[in-house]
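In what follows, a single structure is set out as structure tokens and then discussed.
Quick note: the coordinates plus some simple rules give every number you see, no bench work behind them. This one's a predicted model, so the numbers in the text were calculated from it and none came from an experiment. Neighbour counts are summed over all protein chains in view; Cβ atoms, including those assigned to glycine, are modelled from backbone coordinates with ideal geometry.
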Ligand code: GTP
Ligand code: MG
């Protein structure tokens, strides 16, 4: 019977939220990394991508070791919260199959929290709310890496009451915006209610619950949209155009559909209009590594969606960040028209 379980591709999970609310720290906790400390002023200025394999997720969530999981992992997209980067948040949101909206429990809703919710509503993207920095609540007793309910039971009555009050303030704000939310352990139907998961990126509390809810969402409600479509030509979005020593200009790409291989003909939007070129090499960051900071890429012959990958090819220097990347297998003119249309949607006329 187990042979019947459908194969699904790696879901893309976008992390959105107000500046400094703890998006990169959450990913650092999941990766076991310290990307925040390498950022200028601890401000994220680019879209990042990290593949977290299912084995790593299982290792963090003991309760998940019992349930059958078909998701191969999660591809996390980090976005900047600073108000100047609206375009990057919209780009990240458009790529996402699911999202995590990070809200600092001590600060509550802020302008970019609301902007994030509007992006997700626009794209009809399912999401969960991570109510973070619970360890900063005055008098909090840390139970390192504990599931939320375990640590919550250890807190005194005053803190429990404070948590409930904050929680219902957030539920109220979300309800005003038309979203139906509840704490994750009280959610009966994840298709109807948005789950709120209290966490701390510094102590690991609640992280296992958050991962569990994300995997559950992917498996139960997204199997159809994530059903494997690996045979088609590669479709992706260019995050950045970067000069790499020995390679020349390269593209950091999120591949969200199909397969991209060395030798494939691809089309992109550049300052000179739509261009056609051929993939010369593909460089994959290691699992658990942020593509923005990775130094030891692995050279591969092809990549399957969803992945973050660095693409080297001739004539990339004038490619526009945010451009679609399309593998071509036939009618070039049709693909070019599609690229022009997609660029117009983001208000760039080629
Ligand atoms: P931008 O990318 O610039 O929007 O910020 P961000 O949302 O990625 O926030 P970041 O992860 O850089 O964290 C901002 C600050 O909050 C840092 O000083 C973190 O150490 C701190 N922080 C993040 N999460 C937690 C947490 O769970 N607990 C505590 N105590 N501090 C946290
Ligand atoms: Mg950040």
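Once both labels are positioned 7 Å from their Cα atoms along Cα-to-Cβ, the gap between residue 224 and residue 20 label points is 4.4 nm. Of the beta bridges in region 1-105, as assigned by DSSP with both residues counted there, near 40 percent are antiparallel. For the chain, the mean residue ellipticity at 222 nm estimated from helices alone is -8500 deg cm²/dmol, where every DSSP H run of n ≥ 4 contributes -39500 (n - 2.57) and the total is divided by all residues, rounded to the nearest 500.
Can you give the angle from 0 to 90° between the axis of helix 111-123 and the longest principal axis of the chain, with both taken from C-alpha atoms, to the nearest 10? Around 60 degrees separate the two axes. Annotation: the residues 298, 342, sorted from fewest to most other C-beta atoms within 10 Å of their own C-beta, follow the order 298, 342. Rounded if a/c is under 1.5, else prolate if a/b is larger than b/c, else oblate: which is region 1-83, with a ≥ b ≥ c the root eigenvalues of its Cα gyration tensor? The shape class here is prolate. With respect to the chain, whose longest principal axis is taken over its alpha-carbon atoms, helix 157-176 is tilted by about 50°. Peptides 124-131, 267-274 ranked from most to least packed give 124-131, 267-274, packing being the mean of other C-beta atoms within 10 angstrom over each peptide's residues.
Each of 185, 104, 78, 176 has some number of other Cβ atoms within 10 Å of its Cβ, and from fewest to most they run 176, 185, 104, 78.
When each pair of different Cα atoms in region 195-270 is counted once in the 1/r mean, what is the Kirkwood radius in angstroms, to one decimal?
16.1
For region 218-311, the relative contact order works out to 28 percent when only alpha carbon pairs closer than 8 Å and six or more residues apart are counted.
Multiplying the residue separation of residue 168 and residue 186 by 0.36 nm and removing their Cα-Cα distance gives an extension gain of 5.2 nm. Classify region 235-350 from the C-alpha gyration tensor, please: rounded if a/c falls under 1.5, else prolate or oblate depending on whether a/b exceeds b/c. It comes out prolate by the Cα gyration axes. Panel order for 83, 18, 347, 202, by other beta carbons found within 10 Å of each beta carbon, from fewest to most: 347, 83, 202, 18. What is the angle, in °, between the Cα long axis of helix 332-345 and the longest principal axis of the Cα atoms in the chain? Nearest 10 is fine, range 0 to 90. Approximately 40 degrees, to the nearest 10.
Relative contact order (percent) for region 60-208, with alpha-carbon contacts under 8 angstrom and 6 or more residues of separation?
This gives 24 percent for region 60-208.
Pairwise Cα separations in region 47-154 fall into 10 Å bins from 0 onward with the following percentages, short to long: 12, 35, 35, 18, 0. Set the Cα radius of gyration of the chain against 2.2 N^0.38 Å, with N its number of residues, and you get 1.00.
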